[in-house]
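Heads up: the structure comes next, in structure tokens.
Each value in this text was obtained by applying a stated rule to the coordinates, not by laboratory testing. Since this is a predicted model, take the numbers as computed values, not measurements. When we count neighbours, we look across all protein chains shown, and the Cβ atoms used for this are built from the backbone with ideal geometry, even at glycine.
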Amino acid sequence: MTEEKGKRIPEAAGEETHDASAYLKEEALRNEDNSLIAISRVSAALSGLGNLDAVLNIGLDTTLEFMEGKAGGIMLLDEESRFLSYRVTRGLSDRYSKEMHMKLGEGVAGRVAQSGKPILIDDISSEPGVARPDLISLEGLKTFACVPLKAKEKVLGVMTITSQKPGHFTRKNIYLLQSIGDQLGTAVEQAKLYERLRRSRERYRQLARRIIVAQEEERKKIARDLHDETSQILAGLALNLQALIEMAGARGIDDQQFLEILKRSHNSTVQIHTEVSRIIADLRPTQLDTLGLVSAIRQYAHSIVASRGIEVEFDMDAIEKYLLPEEELSLFRLVQGAMGNVIQHSNAKNVDISFKQKDDNLVLAISDDGKGFELEKLAEMRERGRGYGLLNMKERMVLIGATCSVQSSPGKGTTVRAVLPLSGKTKIN
């Protein structure tokens, strides 16, 4: 072997053929590696995306980068009209993006969507049967590659990559493009499912809010009726009984049995009136309107729990400016339910109430140091007619888009925690 000016001179004629063959193999391997890298990057870029526009934009940008295309776009198929129209584009005029739409089977993109097979055209400007040749001419398009976006053999749309140079793409490019299109189709299907789920959740929340409002309106009506009729009658009856007791004393009536029955009747009427007043307050917590959520919780806890000898500690921020009225009401109802459980079942000496903003969530927690219970026995408790209060709390939190959890174990107390996401919320003036 000899060297001449740094260039290698082959010693035999067959060596050139061997080197050329080796070069072609290396080139093929490089192309295969590049294709795998491209597919891997597209997969990584699309992974976990739930927003349809983000999926389409990232998918198109990544594809154009690897294909070295100058322009392109993604057309989605409307399931009802069966028309294709561009959702995202790059390097194409606004007029082209808006006016280039076609029905299934029409034009190149329509044929690809109908057949589910890719098409590569070296010069689309001279291709017969294209849709809107006037727009194609204005854009100066030549090479045109179009692949379907499929998920489970269902075509959701097409991706087009174009160039103003004839023959810019090869058949190898179309294989890569088709692989990317399959990944993109799956990502589009998932994004559409996420979007449907998001809309369903929003409709559910709107319906839930209407249900909560309707419930509270009915509660207000019952509270008003109790106040205007039952409460007034009981107040009058208590006054009459008190008057009878005073009249009996003034007239010297000495029948002890009669007087004892009269006094017991008066005391019972006063107790019933007090209980009805409590029910009215529970049905319509007017302190929410006058004091706001945090102050209403403080007042309620003091009047209901502290009055029974249970110590109450507060760690609460004034953050209700984020909340809608139905959200405030639901959180207040949660406190009412938790406090009721503390009084009736816990034998607690101390209760801690916390209301804090943590990251992008509002967290309300009510903890007691009572006897607690085994969470595993909650279903058993429901069979005996108990435990429905906790279930109602959880269901009410779901209605406003929050979560509710209960932690408890025998001898270690109970904690009820609600977490309301703040994402998308703005302060309410």
Response to the item:
For ARG198 and SER125, extending 7 Å from Cα along the Cα-Cβ vector and measuring point to point gives, in nm, a value of 4.1 nm
Discussion item. Can you tell me the length gained on complete extension of the stretch ASP317 to GLU99, counting 0.36 nm per residue apart and subtracting the Cα distance?
Written reply: 73.0 nm
Worksheet item: Under the classification rounded if a/c is under 1.5, otherwise prolate if a/b is larger than b/c and oblate if not, where does segment 231-291 fall, given a ≥ b ≥ c as square roots of the Cα gyration tensor eigenvalues?
Response: prolate
Response to the item:
The distance between the Cα centres of segment 335-359 and segment 294-312, in whole Å, is 10 Å
Response to the item:
Simple spin-label estimate for GLU246/ASN361, 7 Å along Cα→Cβ, in nm, reads 5.9 nm
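Which order do SER408, SER115 fall in if you start with the one that has the fewest other Cβ atoms within 10 Å?
In order of increasing Cβ crowding within 10 Å: SER115, SER408.
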Worksheet item: In nm, to one decimal, how far is the LYS172 label point from the PHE258 one, both placed 7 Å along Cα→Cβ?
Response: 11.7 nm
Discussion item. Please compute the length gained on full extension between ASP282 and VAL270, using 0.36 nm multiplied by the number of residues separating them and subtracting their Cα-Cα distance.
Written reply: 2.5 nm
Discussion item. With 10 angstrom as the radius, rank SER277, SER405 by how many other C-beta atoms surround their C-beta, starting from the fewest.
Written reply: SER405, SER277
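If r is the Cβ-Cβ distance from ASP61 to LEU324 and R0 is 41 Å, what FRET efficiency results, to the nearest 0.05?
0.60
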Item to complete: Counting only C-alpha contacts under 8 Å and six or more residues apart, can you give the relative contact order of segment 140-184 as a whole percent?
Response: 46 percent
Worksheet entry | Residues ARG111, ARG171, sorted so that the one with the fewest Cβ neighbours within 10 Å comes first | ARG171, ARG111
